[in-house]
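The values are calculated or read from the model by the stated rules, or taken from the named source; none is laboratory data. Not measured: the values here are computed from a predicted model. Glycine gets a Cβ as well: all are built from the backbone with ideal geometry, and neighbour counts include every protein chain shown.
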Amino acid sequence: MRTRTLDLLLAAQGRYALGAFNVANLEQIHGLFRGAAEARAPVVVQFTRLMRDYAHPLMLEHLLRAAEEIYPEVTFAVHHDHGDEASCADAIASGHYTSVMMDASHLPFEENIAATRRVVSLAHPHGIAVEAELGQLKGVEDETPAAARNRKQGHSSRRGDALLTDPAHAEEFVARTGCDSLAVAIGTSHGAYKFSGNQRLHLDVLAEIKRRLPGVPLVLHGGSAVSQAELERIRKAGGTLDASARGVSATELKQAIALGVAKVNIATDGRLLWTRVHREFFRDHPAEFDFMRPGRNYMDEFGAFVAGKCKLLGAMGKSFSRGLRVKQTGRKSPLATSARAFAPSASKLERRGRNGSRKGHQGSSFRVSRSPRLLS
Ligand code: 13P
């Protein structure tokens with residue numbers, strides 16, 4: 001059942017975290033839904049701009065519609081991860097997403113606020129929640145000249161490799177943007193190489209953000225564990241990922257959840273698993289060329305991985321089919337209504353598109369208009 005992201009976040013915060021998995025193909029989507037079904041855990045399905053560009057937004061939306069029918073017992077939300085204004089507007093208009101992330105964290109503080117506010121005003125009338133980010137993670141979000149300026153102006157502080165979220169500014173940012181959840185930079189980065197040396201999560205910064213924003217669900221990006229056992233198997237099967245690859249430990253994840261993290265983003269672990277499964281398969285079966293055989297292995301293994309991760313995050317058994325009890329947090333959100341299923345439907349914007357005014361996808365290299373036939 002497709003469910004509002006904010007309802008799931010509010011039910012989770014302070015108790016457990018939702019696994020938010022970035023997926024881009026049918027094997028990953030099958031694996032994700034199987035894992036969620038096995039763990040009876042609510043999950044967030046995430047598509048980034050790059051993934052929408054790779055597969056085509058319609059392909060992902062329709063794969064998800066199929067998964068919704070195949071696995072009716074799974075409670076899930078649909079999130080556009082790391083959007084810009086154009087891609088958030090497109091995701092909102094599609095009627096398929098229950099939340100979007102407006103990532104303007106590379107912009108100066110005031111510009112980040114202005115851009116996030118614009119997306120909030122577009123999303124909220126459709127019941128869609130907005131995640132925003134303050135501070136910056138390394139990896140995908142490398143420091144830009146604007147971010148450096150931001151840091152000099154004191155809206156975030158540098159410790160180790162990341163540009164950490166400043167708790168006082170986080171409070172101001174949420175109040176002024178009206179965003180529903182906040183991605184915080186507390187020392188993680190995207191990808192397989194998260195930490196240099198002994199650097200770990202800055203839980204003190206997280207605790208202070210939570211103290212200032214008690215009712216706001218916090219999001220941890222860069223949540224992959226980067227299993228050393230997986231890396232070793234990849235190396236044995238011919239891969240060359242180096243030994244400095246590191247992820248977030250299970251202990252740190254649990255500590256972060258206790259301090260208010262309600263959603264943990266995971267992309268890299270799914271890719272490492274994909275690499276290991278396919279490298280081992282073709283090493284062991286050099287004459288094979290049928291993608292479906294390693295594909296089946298990957299679905300099974302990704303499913304087991306998702307189930308295990310949901311268990312670790314405390315989300316096992318938290319799926320619901322007959323309504324959800326949302327813990328009262330004291331914070332009133334425009335979207336914090338009673339739990340209800342989010343029915344994918346054509347929004348006002350999309351209906352306009354059907355009449356021909358909306359051309360193709362913003363933020364996508366595809367130059368194809370949405371097909372009214374496909375949308376009906
Ligand atoms: P990982 O690279 O740790 O999987 O993080 C992904 C992420 O945060 C996507 O938003």
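Numbers below:
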read-out	value
Residues satisfying the stated conditions in segment 36-46, i.e. more than 13 Å from the ligand (Cβ to nearest atom) and within 18 Å of residue 60 (Cβ to Cβ)	36, 43
Segment 248-260 residues that are over 11 Å from residue 314 (Cα atoms), paired with ones that are modelled with pLDDT of 95 or more and of a type in the set (D, E, K, R) (beta carbon under 9 Å, 6 or more apart)	259/210; 260/210
Residue match in segment 273-290 (condition: modelled with pLDDT of 95 or more, within 13 Å of the ligand (Cβ to nearest atom) and over 30 Å from residue 168 (Cβ atoms))	yes
Within segment 262-272, tally of residues that are in contact with a Ser or Thr (Cβ under 6 Å, 6 or more places away or on another chain) and either more than 9 Å from the ligand (Cβ to nearest atom) or in contact (Cβ under 8 Å) with a residue 60 or more places away in the chain (or both)	2
Members of segment 217-268 that are in contact with a strand residue (DSSP E or B) (Cβ under 7 Å, 6 or more places away or on another chain), among the small types (Gly, Ala, Ser) and under 14 Å from residue 186 (Cα atoms)	222, 223, 256, 260
Any hit, segment 247-260, residues being more than 12 Å from the ligand (Cβ to nearest atom) and more than 30 Å from residue 216 (Cα to Cα)	no
Single match in 96, 79 (criterion: under 18 Å from the mean Cα position of the chain (by Cα) and either modelled with pLDDT under 95 or not in a loop (DSSP other than H, G, I, E, B) (or both))	79
Segment 66-85 residues that are closer than 28 Å to residue 107 by Cα and without any contact (Cβ under 8 Å) to a residue 40 or more places away in the chain, paired with ones that are in a loop (DSSP other than H, G, I, E, B) and not hydrophobic (A, V, I, L, M, F, W, C) (beta carbon under 7 Å, 6 or more apart)	80/97
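One line per residue, one yes/no per condition, for (1) within 11 Å of the ligand (Cβ to nearest atom); (2) under 17 Å from the mean Cα position of the chain (by Cα); (3) at pLDDT 95 or above:
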{"position": "191", "(1), (2), (3)": "yes, yes, no"}
{"position": "197", "(1), (2), (3)": "no, no, no"}
{"position": "206", "(1), (2), (3)": "no, no, yes"}
{"position": "209", "(1), (2), (3)": "no, no, yes"}
{"position": "218", "(1), (2), (3)": "no, yes, yes"}
{"position": "221", "(1), (2), (3)": "yes, yes, yes"}
{"position": "230", "(1), (2), (3)": "no, no, yes"}
{"position": "236", "(1), (2), (3)": "no, no, yes"}
